[in-house]
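The values are calculated or read from the model by the stated rules, or taken from the named source; none is laboratory data. Keep in mind that what you see is a predicted model, and the values were worked out from it rather than measured. In this analysis, Cβ positions are derived from the backbone assuming ideal geometry, glycine residues included, and neighbour counts consider all displayed protein chains.
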Amino acid sequence: MSATIQQGSIVQPDAGRLMPGLGSRAKVPAEAFDGRLFIFEGTFFPGMFIPPHTHTREDEVTVLLAGELTIDIGGRVSTAVAGALVIKPRGVHHSMWNHTNEPTRVLEIHTPGLLEPYYDALGELFAATNLGDSEREAAIGRLHAKYGIDYHPELISEVVTADGRRPQRIPRP
């Protein structure tokens with residue numbers, strides 16, 4: 001464990017390493033707990049949709065700091081509001097969608113902290129201006145495979161709420 005964490009510390013709201021291309025901040029880097037934990041803060045802008053996918057190597061918890069998200073965990077679709085914790089165990093598919101007109105702020109907690117370099121690489125791919133769409137999609141697919149993340153595009157249709165809301169646009173994962 002790093003000396004800073006052993007002695008205790010406070011991560012202020014605007015602190016943390018910026019993760020280029022994602023607009024997120026690494027709040028607790030994986031090295032702080034010898035790779036056992038990684039936490040970042042991010043924003044789901046209106047309409048943003050993370051398609052159904054499964055983590056095969058880590059568990060994940062999303063803490064909603066502000067806003068709402070439509071959540072699908074293993075085929076159960078519901079709405080999470082500010083203050084909610086969304087528990088997403090490894091091996092269970094999940095997706096998240098900001099169905100509102102307001103940004104939603106979240107903390108993403110991963111254990112173990114294996115995905116920090118994944119998010120850095122994903123941000124680089126999103127920010128790359130020298131890649132065409134098909135090149136970018138292929139590179140993202142290779143990145144997912146490297147980190148044991150399986151996407152399930154065939155499950156997108158299950159992300160529908162009881163009142164009929166469904167994602168209108170599906171940005172790249």
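The table that follows gives values for the structure above.
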read-out: So VAL86, is it touching a residue at least 60 places away in the same chain (Cβ under 8 Å) and either part of a strand (DSSP E or B) or farther than 25 Å from GLU31 by Cβ (or both); value: no
read-out: Some residue of segment 73-92 being surrounded by 13 or more Cβ atoms within 10 Å (Cβ to Cβ), at pLDDT below 95, closer than 20 Å to THR111 by Cβ and among the aliphatic types (A, V, I, L, M); value: no
read-out: Test result for GLY123, of a type outside the set (Val, Ile, Thr), touching a His at 6+ places or on another chain (Cβ under 9 Å) and touching a residue at least 12 places away in the same chain (Cβ under 8 Å); value: no
read-out: Residues that are part of a strand (DSSP E or B) and either in contact (Cβ under 8 Å) with a residue 60 or more places away in the chain or surrounded by fewer than 17 Cβ atoms within 10 Å (Cβ to Cβ) (or both), drawn from segment 96-118; value: TRP97, THR104, ARG105, VAL106, LEU107, GLU108, ILE109, HIS110, THR111
read-out: Segment 16-40, residues that are more than 19 Å from the chain's Cα centre (by Cα) and part of a loop (DSSP other than H, G, I, E, B); value: ASP34
read-out: VAL77, sole failed condition from (1) in contact with an Asp or Glu (Cβ under 6 Å, 6 or more places away or on another chain); (2) over 21 Å from TYR147 (Cα atoms); value: (1)
read-out: Filtered residues of segment 16-42 (kept if crowded, with 17+ Cβ neighbours inside 10 Å and among the small types (Gly, Ala, Ser)); value: GLY16, SER24, ALA26, ALA30, ALA32, GLY42
read-out: Pick from segment 136-161, criterion touching a Lys or Arg at 6+ places or on another chain (Cβ under 8 Å) and not in a helix (DSSP H, G or I), ranking: farthest from GLU116 (Cα to Cα); value: VAL160
read-out: Matching residues, segment 141-158, being in contact with a strand residue (DSSP E or B) (Cβ under 8 Å, 6 or more places away or on another chain), crowded, with 17+ Cβ neighbours inside 10 Å and of a type outside the set (A, V, I, L, M, F, W, C); value: TYR151
